[in-house]
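Accompanying notes for the structure given below.
Each value in this text was obtained by applying a stated rule to the coordinates, not by laboratory testing. Note that the structure is a prediction, hence the values are computed from the model and not measured. Here the Cβ positions follow ideal geometry from the backbone for every residue, glycine too, while neighbour counts run over all protein chains shown.
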Amino acid sequence: MGFNGAAHLPKVCIIGAGPSGFTTAKRLKDANVPYDCFEVSDNIGGNWYFNNPNGMSSCYESLHIDTSKWRLAFEDFPVPDDWPDFPHHSQLLQYFHDYVDHFGVRETITFNTGVDHAARGDNGLWEVRLSTSETRTYDALIVANGHHWDPRIPDEYPGEFDGYQVHSHHYRDPFEPYDFRGKKVMVVGGGNSAMDISSELSQRPIADTLYISLRRGIWVLPKYMNGKPADKAVLPAWLPSGLGRKLARGAIKKSIGNMEDYGLPKPDHEPLEGHPSVSGEFLTRVGCGDINVKGAIDRLDGNGVVFNDGTREEVDAIVWATGYKISFPFFSDDLLKPDENHKFDLFKRMVRDGFDNLFFVGLAQPLPTLVNLADQQAKLIAAYLTGEYALPPREEMQAITRKDDEFHRGHFYASPRHTIQIDFNAYCKDLNRELKLGEARAISKQKALPVPPRAMETA
């Protein structure tokens with residue numbers, strides 16, 4: 001297993017074979033960079049592998065991706081022509097399988113093998129201990145373990161709940177492992193999973209009563225605008241960001257009106273000042289009375305829930321659609337862990353200050369899509385590992401990171417939800433610009449390898 005590549009290039013370890021991991025592997029393979037890619041599951045797909053035996057997939061049976069097919073395709077592998085605008089998760093997974101087989105990546109992945117621990121030694125090399133108890137040495141490490149697998153269940157609410165509880169991560173369908181039919185159900189959260197699950201369970205043949213608890217007002221954006229997938233109308237990257245958001249907000253409000261007209265609380269922010277919740281069904285079900293909107297939770301109360309307005313509702317089950325923690329369980333170094341607010345500064349969302357042979361891929365919340373983010377990021381990584389790209393000086397990297405952070409998330413309201421937010425179009429444009437700048441820096445250094453190939457010598 002693994003890809004041998006060129007002996008004069010650094011040996012790389014890739015953690016994970018979801019879309020971020022296998023697209024990175026493909027880019028390294030194209031560049032002849034030797035690598036091992038380890039996947040704890042028995043197959044590729046990561047979060048999009050329904051009922052993934054590794055327990056890390058959040059796919060529910062009815063899930064359709066909220067990004068249109070026009071926006072999620074890999075750069076050199078088009079999606080099938082006969083796809084619907086918003087494909088089912090099974091179609092997306094098949095697309096992934098077709099990709100790894102087409103480019104010969106599958107045979108380079110080691111399945112049923114996780115990374116238990118990774119640490120950089122005093123010599124700069126990475127010591128990686130596998131779930132098989134074997135330890136291997138690498139020149140560079142690429143983290144592609146995803147950030148939608150470690151569910152966060154709030155622990156700030158006093159009291160106890162006697163009924164059934166499940167995080168949306170473990171929700172699969174209305175019937176198994178818990179039968180929601182005829183039950184009083186409360187969904188907590190205002191993200192995409194909350195929209196989908198509450199819309200599904202609120203159908204009259206399923207839940208008796210469906211509540212959704214929202215701590216704040218949200219904007220729920222449609223999947224279609226003017227008869228076309230809404231994300232096809234993404235404004236060009238050259239347009240000034242402030243003007244672009246102003247134009248987009250006007251179009252959104254004209255299309256969907258005010259949230260309070262549907263019976264939702266009035267948002268305390270404008271459209272696109274928060275990561276959008278997208279649904280083609282939720283607003284209709286709220287307007288029809290199938291979904292009953294409640295405010296923030298005050299406390300859990302046996303067979304019910306008490307809300308901040310003093311009201312109490314009896315419920316049989318709670319679905320916590322409350323997001324995820326960003327976790328790297330294989331790191332013990334605190335410098336390689338985000339803070340309590342999920343803030344984790346990375347140059348171009350990839351490079352941690354002080355670690356020039358460590359890369360994170362797919363660790364962002366892009367608009368409109370995460371699927372093909374690493375496909376773009378891996379261009380820079382491959383160029384770096386082959387001496388075709390050089391990083392800026394450390395102080396310049398720090399300054400750029402602060403500037404990028406302000407650009408991408410400065411207009412969002414303060415929340416851990418937005419710490420890794422980026423605009424995909426603008427990010428990719430900037431990434432290409434940085435690649436050109438880095439190529440010039442590499443030429444000035446005579447394209448010397450920034451990460452020398454030493455791991456093979458110690459093997």
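The convex hull of the Cα atoms of region 153-322, projected and averaged over all directions, covers 10.7 nm².
The charge dipole of the chain, taken about the Cα centre with unit charges on the Cβ atoms of Lys, Arg (+1) and Asp, Glu (-1), comes to about 1380 debye, rounded to the nearest 20. A straight line joining the Cα centroids of region 348-396 and region 65-97 runs 24 Å. Taking every Cα-Cα distance in the chain and sorting them into 20 Å bins starting at zero, the pair-distance distribution P(r) comes out as 24, 55, 21, 1 percent. Shown for 37, 428, 288, 13: other C-beta atoms within 10 Å of each C-beta, ranked fewest to most, produce the order 288, 428, 13, 37.
Which is farthest toward the positive dipole end of the chain among 89, 23, 389, measuring Cα position about the Cα centre, with Cβ charges +1 (Lys, Arg) and -1 (Asp, Glu)? Selected residue: 389. Arranged from fewest to most other beta-carbon atoms within 10 Å of their beta carbon, 188, 293, 12 become 293, 188, 12. Each of 96, 307 was scored by other Cβ atoms within 10 Å of its Cβ. Listed from fewest to most, they are 307, 96.
Between the beta carbons of residue 98 and residue 208, assuming R0 = 51 Å, the FRET efficiency works out to 0.75 to the nearest 0.05. Taking chymotrypsin sites (Phe, Trp or Tyr not before Pro) across region 222-267, the ones in a DSSP loop with at most 10 further Cβ atoms lying within 10 angstrom of their Cβ are 238. In straight-distance terms, cross-link reach from residue 266 covers every one of the lysines whose alpha-carbon lies under 23 Å from its own, apart from those fewer than eight places away in the same chain; here that gives 223, 246, 253, 254, 294.
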